[in-house]
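The values are calculated or read from the model by the stated rules, or taken from the named source; none is laboratory data. A quick note: this is a predicted structure, and the numbers were derived from the prediction, not measured. Don't worry about glycine lacking a Cβ; one is built from the backbone with ideal geometry, like all the others, and counts go over all protein chains shown.
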Amino acid sequence: MRSSKPSITVDTSALVKWFKVEKDREWALQLRSWAEEGKITLVFSVLLLSECARGLKKAGWENEEIKEALDMLDTMVNLFGIDLISVDKLVAKTAQTLVIEHGIYSADAIPAATAILTSSRYFVSSDEHHVTKGLQGLMERKGVKVLKLTELQHVEDQFQ
């Protein structure tokens, strides 16, 4: 049974905007604010912790800046009660199916599999791989609505 508080699984492409100034960052920060206020439950694959480091490194951040951001992320995970989901055999097998059937990378499939297996109400991503009709349709049949960050504006009344 789902909690009355919406659960939202977040992909690295959306999470990294908590730190990087990029398009649609205001919605990533709004998502973080809702989690901080206890209006939603955020769900992360534990893989996001290393993927966030990769995203910041790819953006040219210095090592010390990355370490500071990751320390801040660890603090937020603890303070906001973010659910960290391990990549166990079931997550890996579900991700394998997504890779095979939808042609996405493992790093994209694991958070999508996490959203499905945790029965998250929403899966938020800025990655175009996640908004293909086939993958979106599959996730919606599993009860998970796929949203781009900007689409949060259409459901934000649920988090007030």
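Numbers at a glance
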| item | result |
| --- | --- |
| In the stretch 89-117, the residues that are part of a loop (DSSP other than H, G, I, E, B) and surrounded by fewer than 17 Cβ atoms within 10 Å (Cβ to Cβ) | 103, 105 |
| Residues satisfying the stated conditions in the stretch 22-39, i.e. more than 11 Å from residue 8 (Cβ to Cβ) and either among the hydrophobic types (A, V, I, L, M, F, W, C) or touching a His at 6+ places or on another chain (Cβ under 9 Å) (or both) | 27, 28, 29 |
| Scan of the stretch 44-61 for residues that are among the small types (Gly, Ala, Ser) and assigned to a strand (DSSP E or B), ordered by number | 45 |
| Selected residue (criterion: farthest from the chain's Cα centre (by Cα)) from residues of the stretch 138-160 that are closer than 14 Å to residue 115 by Cα and part of a helix (DSSP H, G or I) | 141 |
| Failed criterion for residue 86 (all others in (1) farther than 19 Å from residue 128 by Cα; (2) among the hydroxyl-bearing types (Ser, Thr, Tyr); (3) more than 15 Å from the chain's Cα centre (by Cα) hold) | (3) |
| Answer residue from the stretch 118-137, given it is small (Gly, Ala, Ser) and assigned to a helix (DSSP H, G or I) and is farthest from residue 43 (Cα to Cα) among those | 134 |
| Qualifying position, being more than 24 Å from residue 24 (Cα to Cα) and without any contact (Cβ under 8 Å) to a residue 24 or more places away in the chain, among 133, 67, 89, 142 | 89 |
| Residue check, residue 128 within 18 Å of residue 30 (Cβ to Cβ) and either among the charged types (D, E, K, R) or at pLDDT 90 or above (or both) | no |
| Among residues of the stretch 79-88, those that are part of a helix (DSSP H, G or I) and more than 16 Å from residue 10 (Cα to Cα), counted | 1 |
| Every pair of residues 6+ apart whose Cβ atoms lie under 7 Å, when the first sits in the stretch 12-31 and is closer than 12 Å to residue 148 by Cα while the second is assigned to a loop (DSSP other than H, G, I, E, B) and of a type in the set (Gly, Ala, Ser) | 13/125; 13/126; 14/125; 14/126; 24/126 |
| Residue identified as surrounded by fewer than 19 Cβ atoms within 10 Å (Cβ to Cβ), over 16 Å from residue 7 (Cα atoms) and either of a type in the set (S, T, N, Q) or touching a helix residue (DSSP H, G or I) at 6+ places or on another chain (Cβ under 8 Å) (or both) among 65, 156, 128 | 65 |
| Qualifying residue in the stretch 77-98 (condition: of a type in the set (Gly, Ala, Ser), modelled with pLDDT of 95 or more and touching a Pro at 6+ places or on another chain (Cβ under 7 Å)) | no |
| Residue in the stretch 1-43 that is surrounded by the fewest Cβ atoms within 10 Å (Cβ to Cβ), counting only those that are in contact with a Cys (Cβ under 9 Å, 6 or more places away or on another chain) and outside any loop (DSSP other than H, G, I, E, B) | 18 |
